[in-house]
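The structure under discussion appears below in the form of structure tokens.
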Amino acid sequence: MPVHLGLDLRGGTQIVLETRPTDDADAGGGATDRTVEVLRGRIDALGVTEPTIARSGSDRIVVELPGLQDPRKAADVLGRTARLSFHQVLGPATDVGERRDPLPERPRESVIADETGRLRLKTASLTGKDVKKAVAGFDGQGGAGWHVNVDFRKTGETGWARLTGDAACHQAGDPRRRVAIVLDDKITSSPQVAPSVACRSGIGGGSTQIAGTFDDSEAKELALLINGGALPVPVETVEQRTVGPTLGAHAITASAWAAAIGTAMTSLFIIAVYRIMGVLATVALACYGLISYAALVALGATPTLPGLAGFVLAALLTVIGYSVNDCVVVFDRIRELGRRDRKEDFALIAGQAFLGTLPRTVNTGMGAASILTALTVLGGDTLTDFALALLIGLTVGTCSSMFTATPLAIELHRRA
């Protein structure tokens, strides 16, 4: 099975976002969960392989993008609220007082500036929820350049026909014949309805084109934001950092050397003391490490730098500590029985050694689970990786010791 390395070992970008309350919505656990789902769609559209996005606390979201070395671009895409709306243009705004119409019988208005000046806009006729799909395209022959093709849902098709039909009732050149497409309170495009469109009939087909002075990256980003949907609440980037793959390669190499040196020193010691039995115990040490590592991979754990530290610590406690302790205690007991010529008790020792590991395994698992819970509550994601690797390593290591060196060594000694 392939091993999916974490951000700090493979390199990439980590971004921490924090949700902010608004007048319409409060930032809390529910809003943060909905924000995670929208961000997940945007990340998938970015094309990042094996991303990680997780909620941290009630209002923070941690996003890890392995292999992505441009945090500013990622933060800009993920941090934008992306509230899309389509408005009828009511005309140019010449006075600040026109921002809100004081007459209650007239529709509510807003004023937003575009490249031609400030425009008075009617309340949104369509929103991003009415859009089914957006695709960036390039028109080299028509001269439109990069643009975004927008397809509406069934409900959006009727609204789009009504919106363009109302605008078509005005003469060509009249600002009121324009339709404004607004993204995050900024007019992205405000084209005029074509002269061929009749009044009240509108544009059918359920699609439109957002044109502007886009380059390829801007058009693709706009399509990505439209497809991903709007965030339920605004988010703010509170931390972002880039991790190079050099650090990860060095960490993996250092961890491998640490494991090799520790195992070699332990193996030399027990071979010098116990000879052939020490060789068997050394084989068991390798089995412990292999079984523990296989368990991490099979469970789908993503190795990180704190995770490697937890795995090495678990190996020191179980592989070197428990197994060597078992070997020393059991081998010395076998030597004593051998001197007394009581070979019939070997099977009893094997059973005692096997059953003696059960309480230790339970206690170790409970202790590791307690460590995991405490570090998760107090330390956040970084220490959680450490605690999870420690829990898996301790539990698997102590369980595997029940079935490897001690029973095998006793059985071989008995047969010899």
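The values are calculated or read from the model by the stated rules, or taken from the named source; none is laboratory data. Given the structure is predicted, the values throughout are model-derived calculations rather than measurements. Methodologically, a virtual Cβ is constructed for each residue, glycine included, from the backbone with ideal geometry; neighbour enumeration extends over all protein chains shown. The protein model used for the area step is the full one, side chains on, heavy atoms only, and it has no ligands, DNA or RNA in it. Shrake-Rupley method; radii C 1.70, N 1.55, O 1.52, S 1.80 Å.
Things worth noting here:
- Interchain or long-range residues, amide H under 5 Å from residue 91's placed H: 120
- Phi angles of region 165-170 translate, via the Karplus equation with coefficients 6.51, -1.76, 1.60 and θ = phi - 60°, into HN-Hα couplings of x, 5, 5, 5, 6, 9 Hz per residue; Gly and Pro are given as x.
- The residues of region 159-300 present an accessible area of 51 Å² per residue when probed at 1.4 Å with all protein chains retained.
- Amide H partners (placed H, <5 Å) of residue 126, local residues excluded: 86
- Kirkwood radius and radius of gyration were both taken over the C-alpha atoms of region 149-219, and their ratio Rg/Rh is 0.98.
- Karplus 3J(HN,Hα) series, Hz, for region 79-86 with 6.51 cos²θ - 1.76 cosθ + 1.60 (x for Gly, Pro): x, 6, 5, 6, 8, 9, 8, 10
- Calculated FRET value between residue 33 and residue 171, using beta carbons and R₀ = 60 Å, to 0.05: 0.75
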